[in-house]
Amino acid sequence: MSASILLWSLTIAQSMLAMAMICNTYRIIRGPRAQDRVLCLDAMYVNAMLLILTVGIRTGSALYFEAALAIAVIGFVSTVALAKFLMRGEVIE
């Protein structure tokens, strides 16, 4: 019983995360300013990380969790770099 509940929960979570990524893609394309696009990229890498985590829970493999950790680190660094670029016009001083 609990395995079927977990399977349905993961399926619903993955479909909701996929819909959130579609909404983020729309906002990246139609964003009125660069700040909106950076914010959507930030939300998109969080959604991608969570989608990979749900795949890792479904398969039971630890490799997906390490990939999600790498995506989180790269996404954080890229968000900081883009925010610094938008504020000052350069990334490296």
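Coordinate-derived values only; no laboratory data. A quick note: this is a predicted structure, and the numbers were derived from the prediction, not measured. Cβ sites come from the backbone with ideal geometry, for glycine too, and all protein chains shown count toward neighbours.
Treating the beta-carbon of each Lys and Arg as +1 and of each Asp and Glu as -1, no other charges, what is the dipole magnitude of the chain about its Cα centre, to the nearest 20 debye?
260 debye
Run through all the Cα pairs of the range 1-56 and give the fraction in each 10 Å bin from 0, expressed as whole percent.
25, 41, 22, 10, 2
Quick check on the exposure proxy: order Glu66, Glu90 from fewest to most C-beta atoms within 10 angstrom.
Glu90, Glu66
What residue among Leu82, Leu39, Ala70 has its Cα farthest toward the positive end of the dipole of the chain, where the charges are +1 on Lys, Arg and -1 on Asp, Glu, each on the Cβ?
Leu39
Hey, can you rank 2-11, 46-55, 69-78 by average C-beta count inside 10 Å, highest first?
Packing proxy ranking, top to bottom: 46-55, 69-78, 2-11.
What's the local net charge at Leu39, with K and R +1, D and E -1, over the other residues with C-beta under 10 Å away?
+1
In what order do Arg88, Arg37, Arg58 fall by count of nearby beta-carbon atoms within 10 Å, going from fewest to most?
Arg88, Arg58, Arg37
Report the relative contact order of the chain, percent, no decimals, based on alpha-carbon pairs under 8 angstrom and at least 6 residues apart.
25 percent
Decide, for the range 25-83, between rounded, prolate and oblate: order the square roots of the alpha carbon gyration tensor eigenvalues as a ≥ b ≥ c, take rounded if a/c falls under 1.5, and otherwise choose prolate if a/b is larger than b/c, else oblate.
oblate
Got a sec to turn the phi values of the range 37-42 into Karplus ³J(HN,Hα) couplings, 6.51 cos²θ - 1.76 cosθ + 1.60 with θ = phi - 60°, whole Hz, x for Gly and Pro?
After applying 6.51 cos²θ - 1.76 cosθ + 1.60, I find 5, 5, 4, 5, 5, 4 Hz.
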